[in-house]
Structure formats: C-alpha cells, structure tokens
Amino acid sequence: MVSAPRILTYQGIPVWRHVQIIQWAVQIMSGIVVVALVVWFFSNMVGAIQDRDIPSGFSFLSREYQTPIGEHFLPYDSSDTFLYALMVGITNTAIVAVAGVFLATALGIFIGVSRLSTNWIVSKLAMVYIEFFRNVPLLVQLFFWFYIVLELPGIRESVVVADAFYLSNRGFSMPWPTPTDYTVALIWLGLAAIAIVAGALVYRRQARMEEQTGRSGYPLIYSFATAIVIGAITWLVLSFATGNSPFDISVPEPQGRFGNIVGGFTARAGLMVLLTGLVMYTASFIAEIVRAGIQSVGRGQTEAARALGLSPMNTLRNVTFPQALRVIIPPLISQFLNLTKNSSLGGAVAYSDLTNIAVTMTQTAPAVSIFMLIMASYLAMSLTWSLIGNIYNRRIRFVGG
Amino acid sequence: MASQPTSRPEAILPPRSEVGVIGWLHANLFSSLLNSVLTLVSGALLLLGLWFGLKWIFFAADWTVISELGGRFLLGRYNTEAACDGQNCFWRPQAALIMVSVLLGAAWGLRSNQVARTIAWLVAGVSAAFAFLPYSLETMGLDVRILLLLNLPAVPLGWALARYTPLGTGTRITILGVAIFFITLILMRGLPGLPFLQPVSVVYWGGLSLNLILAVGGITLSLPIGISLALGRRSNLPVVKVLCIFFIEVFRGVPLITLLFMSQTLVPLAFPEDMPQNSLFRAAVVITLFSSAYMAENIRGGLQALHPGQAEAARALGLPGWQTTLLISLPQAIRNVIPAIVGQFIGLFKDTSLVYIIGMLDVVAIGRSFIQSNPEFLPSARELFVFLAAVFWIFTYGMSYVSGKVEDYLGVGIR
C-alpha cells in the first residue's frame, strides 16, 4: 500500500513572516506616524497663530529691540535691531563658554592629577572637592556665589591689589591691553600670528631633530624664543615707524564721586558669578575624566618609565598623559558642550546670556522664530566644539600598532 | 600529630619605618621632600578650612532662615489656605510618604539586603524625627506629628507584606511601586467630586516633594525610552535610525532651560485649544525626554563596547534577533555602563531644580523667593544655599553609593 508521494514544493516565505517586508512595513508605518504628528502639530500651530493673531515670521529681526541689555561686550544701544541684540547675546554666551572652558580645563586637570597623588591628604582633598561640586545642582552653586558676591564690599570700598585689580560687589576689574590705533594693532596681530606659526615650525624641526639624532633639541625653548623674538621685533619696528605702540595696557582706575571704575577690563558681578560657578562645577567633572583617563593607561607604562629613570613629573608629562589624552578627549569635549549649554543659567544670576535675552525677546517678538534661532545658535556652538575636538582627536589618535 | 619545627631561621622583621602607623605615614605623607612639603601645606590648608568652616557652621551662621521656611522646603505652598480652600490637605503628602515607607520596607523584605534595610529605616527614621521638631503645636499640629511617626511601623509592615503574603515577588513589588507613584500623584492632585480629595492646582506643588516626584517619574521612564532610542539608533532600518538620531541630537544640542521654556510657550500652541493643559506635566515630559536622549548615548556606548562575539554566539545558538538583544546584548551593555546611567539619574535629579524657569517653586526656587520677598533674611542667603546644597548632596551621593553597591553585586570589572 503505497500512498501517492507527496510532492513538496517550496512556496516561498509567507508575506507576514518575510523579514524584509516586515522591516519595511515597520519603517513606512513609523514614518507615516511621525509625518502625521508633525503635520498635526504644525496645522494646530498655524491655526493658533491665525486665530489668536500671534505674530510670526522673521520680519521682527530688523525692528529696533528697545530693551536694555545688562552686560554686553559688543557696543549696544536700545535702538539697535533684534538681530544685533541676538548677536550680542551669542557673543556673551561665547565669551563665558570660551573663558569657562579654559579655566575649567586647567582646574580640572589640576584636581584630577591631585586625586591620583600618592600624598594621602592631597588625594582626599581632591576627592572631597569632586564629590561636593559634582553632586550639588549648578543652580544652587550659582545662587550661593551670587549672594557671596553681593556681600562683597561696595564699589567705593573695593578690595584693591597692586592698584590694578579691583574687587567689589559690582565686579572684578583688571588691566587689559587696548589698541591705540586699530590699523597698527591689526597689522601687529597679523605679524604675531606669523610669529606663532614660525614658532610651531621651529618646534616641529627641533623635535624631529631630537627624535632622529637623540641629542636634546630643546624644542619648547627654541619655539617660544622664536615666537617672542619675532613678536618683539615687529612690535618695536611698528612702534618706531608709526610713533605709538600697537597696544597700551589700560589700568582700571576709580573715578568720580561714586568711584565708578574706568579703564581696564571689568567682569561685572553677573559674569563673575556665572564664570565661578560654571568653572567650579565643570572642573569636578573634568577631574573625574582626567583621573579615569590616566588610570586607563596600563600600570606597565608608568613602571617602565620609572625603571628607565624618568622622574615622576616627566613620567606623567611625557608617558602617561599623552596616552591618557586619547581616552580623555571625547568625554572632555562633551563637558565643553555641557558648560556652553549650562551657561544658559546666566539669567538666574543677572548675566545676559543668549537664552536670557531670547526669553526676554519673546515678550515682543514671535516665540516660534526666536526658538528656531536659539536652537540654530546652540547647535552651531556645539558643532564648533565637536569640530575642534574631532580635529584634535584625529591628531592624537593611536597610529600603528 | 603535627610536629612543631624545633628551629627555624631567624626571620628579619621589616624595618619599623615600613609598617604600622609610621610606615603608613612614611608611605602616604612623607615619602620624599616634595611630598612632605605638600603634606604640610595641604594639611595646614585643611586645618584652616576646618577651623573656619566649623566655626562658621556652629557659631557665626544664623540658621533661623531654615526653621522659618520649615515645611515649605518639603511641600512648597501646598499646605496653605490658597491651595486648599477651607480644608486641610496636610494629610495627603503625609499619606504618600507612609506608602513610600511601606514600599521601601517591602523592598527590604524581598531581598534581605543590608543597603535596602538601611535606606528604608533611614527614610522612615528621618521622617519620624521630623515629628519631634521644636515648633509650637499651632505651627505643627499633633495630627501632623502622628502621621509622621506612623512611618516607623510602616517599614516592618512592608517587610511583613513582602515576606508573608503573596505580594513578595519582584514583579508584584514593582507593580506596587508604580501604583504607589500614581496614587501619590492622585493624592497630591486630588479628584474632583470627592469631598476629601479636593483638587489642588499644580501651581501650588513645590518644595522637595516636587523635585522628588519629577525625579522619580523621569528616572523610571528615561531608562526604557533611552534604551529604545539607543536600539533605534543602532538598528539597520534607515527611517527608524534617522528619526532616532534626529531626536537625540536635537535634545542634546539645546540647553534644558530653553526646552523647558519652549514647552510653556510653543507646545501649548501645537495642541488643540480645548485639550486639557498642564504646565507641570509638560515640564516633566521635557525633563524626561531630555534625560532619555543622554541615556540613549550612554547605552549606545555600552552596546558598542560589547564584543560582537556575544551577539554572534547567541545567533549561532538559534536565538532570534529580539531575544539576542534583550537577553544577551542589553544586560551586558547596561551592566557595563551603570556608572554613566546613574550619573545621568543624578543629573536628572539636579536638573529638576531648573523648573524655576516655568515659575514652579521647587526647593531651590522657594528658598530664593523667600529671600527676595523678605529682605531681612538677605544676610542668611549663604546659610540657606549651604543647607540646600547639603540636602541635594545627601540624595545624589546616596544614589552614587547605591550604584557602587549594585556594581559590586553584579561584579562589574571582576567577571
């Protein structure tokens, strides 16, 4: 009894179990859902704008802003336009971001290295610093510094150091170079840039010489000397040729009955508080990054360097730290981004940063447009930091095996 | 019978400068001239700092601003006439606190764990200790004090529930936790129609309880959202991938403050006018999504660090793709980035203080507004913010301590 043989024919995967079809269906569906949501939000928004007569568009940018800005580094007047006021805000944020990044990196590296010190007290002090500043909200720290600065002596009883540095509850003033003649100053700055490039070239040459021959080339000393000598010579030549030096050091000085400080560079209370808070806060994160980076370098590296007779300082500078940099740079860049974004808390301590100015602007200008501009600005700043980080990262990347 | 060695070579003891206290001092503080100088300088700084710090804390500082604010630190303007017209609302947050104590007790009962027990008793103990604050009975009534004391029996109750009732499984306790979170929200918000649960507008929510509610909600939701975003970003479906990248980068590129402000001015416009609107809910959503974007990047880092052999082995053993991800890749990836995840939780908790921008009076904002409206307390601002820093520090440091314990338990870095 032989039953008829069943012929098995391959009929293909059923549609509902076909991986690629499922994947595409999921994608198309999620795409449709997102597009539908966006369209719905957008139509609601357009409807609301028309119904309630909310202003929109970007025509406001050329209108006069007519609101004073507390602190500004670009010259600013209430009759300037919205666009220019936004530029003032971007400059304010950028200045805090750049100054903060430099100071926080310096402090963070110092504390991170202290954390790894063999000295018990130093290491514990660094730990206390990190654990405290990292775990307390920046806002609380900023308010703390804000009220500390408020309790500083008034401007007429400023704390004066060497007749050049003034500290009061209005701010901190210090000597600052100011150009006497803009053309001369610009020419000299151009020449100084050339001097720095020359210094860099000398550094590279001496370093290569050192590598190839084994004789000390003192690259750092030679390069600095080159840059300084070229800078000084061009400075002198320009001074003699034009009759006045490119830059003057302007020293702050109290003037008038109210003791207002004129000249020099004054960081007003808001900037001072914001910078102190941001630097102390971010430094604690950078310190942890530096510590982790240095610890990620194998113990053998340190031991080998010490066995070869390098001093602890030299081991750190020439062996451990350069290798640690590869681990340190990416998270460090994200801390730079965080610092830049955290500067948006400036409004809480009377510093007119970009967010603060933009929030004030929404009272007289369309919020939608302003937010698009702010997002673009912050995105541009983030991209700049990432770009710098990526370029540097590529340079120090592990080459070869 | 073990035989005692009759003679052995005289063992040379290590030099006295290498062992004991002297050895420790030598190795850690005075190993070289430079090190000794460093020790003396930093030691002097430390002593000076301690001397002035302690003198300030115990003698110079005027802590009356803390007692003056009192309950407002915890509840903001919740328990005022304006918030709760003609009715006492004080018991509602108190009841929520007791439920939390029960939950913590249950968590302890579930895994008789030292850390869980400490946390449960600490929370209940501190709450109960508040019952003995030296306020007059008019400012802090007997009913409030009794409700606070009830936190103490709540812990053993939770423990017993977990031990001797069918409630004692991980899943059920988790469900209980989620339920308690929602019951807390309902208790705080009130239900229209119920005579004893009169609605209280969210604008009166505030103080530390607001920070904690935002943080707990955000932490529980940002982890799953972050995981989905991370998986989406790593998926090979182009549409899903692009959407996830766009979401993550937009939320990471803009300061939280800007997003919070946007949530109050723009988001209401994007919904129909007749939809019920709640500013606090929008803020909570924004904080959660913001944190999820960072969480996604942390988890993606963990997934990238995972050896591809793990997933390949799982596939070779016949696990389907979703099981490979859920059972093999994700658990290992998450375990490896616990510090980053907890760091993000801590960041979220700290970020809850930013709700000041939308006018909510959280624990920081209420202190600040108190100082601003009572200029006689202006000199006490320092004390106030030192106190606030200590409050936040206890919570955030506690979180990183627990994370360290969890890492030990999971053997991170050992196996």
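For this structure, a couple of remarks:
- Residue match in the stretch A:362-381 (condition: over 25 Å from residue A:56 (Cβ atoms) and either more than 14 Å from chain B (Cβ to nearest Cβ) or touching a residue at least 60 places away in the same chain (Cβ under 8 Å) (or both)): yes
- Yes/no for residue A:95 being assigned to a helix (DSSP H, G or I), within 38 Å of the chain's Cα centre (by Cα), within 14 Å of another protein chain (Cβ to nearest Cβ) and buried (at least 16 other Cβ atoms within 10 Å of the Cβ): no
- Condition met for residue A:142 (surrounded by 14 or more Cβ atoms within 10 Å (Cβ to Cβ), touching a Ser or Thr at 6+ places or on another chain (Cβ under 9 Å) and either at positive phi or free of Cβ contacts under 8 Å to residues at least 60 places away in the same chain (or both)): no
- Members of the stretch B:126-152 found to be in a helix (DSSP H, G or I) and surrounded by 15 or more Cβ atoms within 10 Å (Cβ to Cβ), listed by number: B:127, B:128, B:130, B:131, B:144, B:145, B:147, B:148, B:149, B:151, B:152
Here's the yes/no breakdown for (1) buried (at least 17 other Cβ atoms within 10 Å of the Cβ); (2) modelled with pLDDT under 75; (3) assigned to a helix (DSSP H, G or I):
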{"position": "A:198", "(1), (2), (3)": "no, no, yes"}
{"position": "A:201", "(1), (2), (3)": "no, no, yes"}
{"position": "A:205", "(1), (2), (3)": "no, no, yes"}
{"position": "A:217", "(1), (2), (3)": "yes, yes, no"}
{"position": "A:223", "(1), (2), (3)": "yes, no, yes"}
{"position": "A:227", "(1), (2), (3)": "yes, no, yes"}
{"position": "A:234", "(1), (2), (3)": "yes, no, yes"}
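- The stretch B:153-203 - residue that is of a type in the set (Ser, Thr, Tyr) and under 21 Å from the mean Cα position of the chain (by Cα) and, of those, surrounded by the fewest Cβ atoms within 10 Å (Cβ to Cβ): B:174
- In the stretch A:183-194, the residues that are touching a residue at least 24 places away in the same chain (Cβ under 8 Å) and buried (at least 16 other Cβ atoms within 10 Å of the Cβ) reach residues that are of a type in the set (Phe, Trp, Tyr) and in a helix (DSSP H, G or I) with C-beta atoms within less than 7 angstrom, at least six apart or across chains, in these pairs: A:188/A:235.
- Top-ranked residue in the stretch A:11-30 [being under 17 Å from residue B:320 (Cα atoms) and not in a helix (DSSP H, G or I); ranked as modelled with the lowest pLDDT]: A:13
- Scanning the stretch A:307-323 for residues that are in a helix (DSSP H, G or I) and more than 10 Å from chain B (Cβ to nearest Cβ) returns A:307, A:314, A:315, A:316, A:317, A:318, A:319, A:320, A:321, A:322, A:323.
- All of (1) assigned to a helix (DSSP H, G or I); (2) more than 21 Å from the chain's Cα centre (by Cα); (3) modelled with pLDDT of 85 or more hold for residue B:366 with one exception: (2).
- When the stretch A:324-347 is limited to residues that are away from chain B (no Cβ under 13 Å) and of a type outside the set (A, V, I, L, M), the one that is surrounded by the most Cβ atoms within 10 Å (Cβ to Cβ) turns out to be A:336.
- Screening residue A:71 on (1) more than 14 Å from chain B (Cβ to nearest Cβ); (2) over 22 Å from the mean Cα position of the chain (by Cα); (3) acidic (Asp, Glu) shows it passes everything except condition (2).
The values are calculated or read from the model by the stated rules, or taken from the named source; none is laboratory data. Just so you know, these numbers come straight off a predicted model, no measurement behind them. Cβ atoms come from the backbone with ideal geometry, glycine included; neighbour counts cover every protein chain shown.
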